[in-house]
Amino acid sequence: MIEVELRTSRPFSCCPVCGTASRRVHSRYLRRLGDLPWEGIPVSILLQTRKFFCVVETCRRRIFTEPLSGTVLRYSRRTLRSCEALDWITVMIGGQAGARLARRLGLLVSGSTLLRQLRCRARCAPVVAPRVLGIDDWAWRKGHRYGTILCDLESRRVIDLLPDREAGTVAEWLREHPGSEIVSRDRGGIYAQATRLAAPGAVQVADRWHLLRNLSEALKNALSPHHRLLT
């Protein structure tokens, strides 16, 4: 493993609460950060970080750590570019397979760490209601427990998961995330009721799968009295 020692050199830092610049250094400490590998060899950065006094007497933050935006997140043990590379690997091939590939590349990480990091970063991203919202259920355990999946049908991506498929839970999400103009749903009454309650201005439509299901059932019912003529 390669170890690189670095230290911050900016003469001042701004308080994260009041935004006032301060040059009064309180103390220094070392952070060990994982970085991208060099020629397949793992790289560790020993970063000397400083704490500053806030010079504003009325500020509630008396001592603060200098922020390193663009380099590393607060409390993180990896650089931002290392975290982004691991996120790409996890999204493409998953946790355990991603960990095996990362180790071959020189990034020492476990599969559970990859999944935990991806979940954490996903929670930090703000959820915005799409113009065309798709709502359907999914199984935590098929036949026993179901949740609700919410998708942006224009960008074809999942935007949120709800713990159940109750009308109240879906209605609460719609109230907290207004703005959807079209809601695509299944044939059940739960999501229709939730949309009527929380987004009455949205146009409700049936998704393609359920339209085809409706068509096939209607065709079957129309032809079933004449099955002897068709055989």
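Annotations for the structure displayed:
- Here the Karplus curve 6.51 cos²θ - 1.76 cosθ + 1.60, taken at θ = phi - 60°, turns the phi angles of the range 210-220 into couplings of 6, 5, 5, 5, 4, 4, 5, 5, 5, 5, 5 Hz, with x standing for Gly and Pro.
- In this simple spin-label approximation, residue 221 and residue 172 carry label points 7 Å from Cα along the Cα→Cβ vector, and these lie 3.6 nm apart.
- With all protein chains modelled, accessible area of residue 64 [1.4 Å, Å²]: 0
- Put 191, 75, 146 in order of accessible area, highest first, and with a 1.4 Å probe you get 75, 146, 191.
- Degrees, to the nearest 10: 167-176 long Cα axis against longest axis of the chain: 50
- Contact order relative to length of the range 40-136, as percent, for alpha carbon pairs under 8 angstrom and 6 or more apart: 20
- Angle in degrees between helix 80-93 and the longest Cα principal axis of the chain, rounded to the nearest 10: 30
- Sum of -39500 (n - 2.57) over DSSP H runs of 4+, divided by residues of the chain (222 nm, nearest 500): -10500 deg cm²/dmol
- Across the range 1-62, Cα pairs under 8 Å and at least six residues apart give a relative contact order of 41 percent.
- With the biggest extent put first, the Cα atoms of the range 19-123 measure 52, 30, 18 Å across the principal axes.
- Computed extension length for residue 206-residue 229: 5.0 nm, one decimal, from 0.36 nm per residue of separation with the Cα-Cα distance subtracted.
- Among the trypsin sites (Lys or Arg not before Pro) found in the range 95-187, those both in a DSSP coil and sparsely packed, with 16 or fewer other Cβ atoms within 10 Å of their Cβ, are 131, 142, 156, 187.
- Entry for the range 137-228 at q = 0.13, 0.17, 0.22, 0.26 Å⁻¹: log10 I(q)/I(0) = -0.52, -0.79, -1.16, -1.43, Debye formula applied to identical alpha-carbon scatterers, no solvent contribution.
- Ranked order, 153, 47 - accessible area, probe 1.4 Å, largest first: 153, 47
- Under Karplus coefficients 6.51, -1.76 and 1.60, residue-wise ³J(HN,Hα) of the range 189-205 in Hz, glycine/proline x: x, 5, 6, 5, 5, 4, 5, 4, 6, 9, 9, x, x, 7, 7, 9, 9
- Across the chain, Cα pairs under 8 Å and at least six residues apart give a relative contact order of 11 percent.
- In this simple spin-label model, placing a label point 7 Å from the Cα along the Cα-to-Cβ direction at both residue 197 and residue 6 gives a separation of 5.1 nm.
- For log10 I(q)/I(0) by the Debye sum over Cα atoms at q = 0.08, 0.10, 0.16 Å⁻¹, calculated from these coordinates, the label among (1) -0.24, -0.39, -1.11; (2) -0.54, -0.75, -1.08; (3) -0.35, -0.53, -1.11: (2)
- Along the axis of the charge dipole computed for the range 98-146 (Cβ charges of +1 for Lys and Arg, -1 for Asp and Glu, origin at the Cα centre), the listed residues 107, 127, 144 are led at the positive end by 107.
- With all protein chains in place and ligands, DNA and RNA left out, the 1.4 Å accessible area ranks 172, 84, 39 as 39, 172, 84, largest first.
- Taking the Cα centre of the range 1-135 as reference, the dipole from Cβ charges on Lys and Arg (+1) and Asp and Glu (-1) amounts to some 480 debye.
- Cα centroid separation, the range 1-77 to the range 175-199 (Å): 46
- Candidates 200, 225, 161 compared by Cα position along the dipole of the range 141-231: farthest toward the positive end lies 225, with charges placed on Cβ.
- Lys, Arg +1 and Asp, Glu -1 on Cβ, resulting dipole of the range 125-231 about Cα centre, debye, nearest 20: 500
The values are calculated or read from the model by the stated rules, or taken from the named source; none is laboratory data. Computed from a prediction, not measured in an experiment: that's the story for all the values here. Neighbour counts run over all protein chains shown; Cβ positions are idealised from the backbone, glycine included. The accessibility values were calculated without ligands, DNA or RNA, using every heavy atom of the protein model including side chains. Shrake-Rupley method; radii C 1.70, N 1.55, O 1.52, S 1.80 Å.
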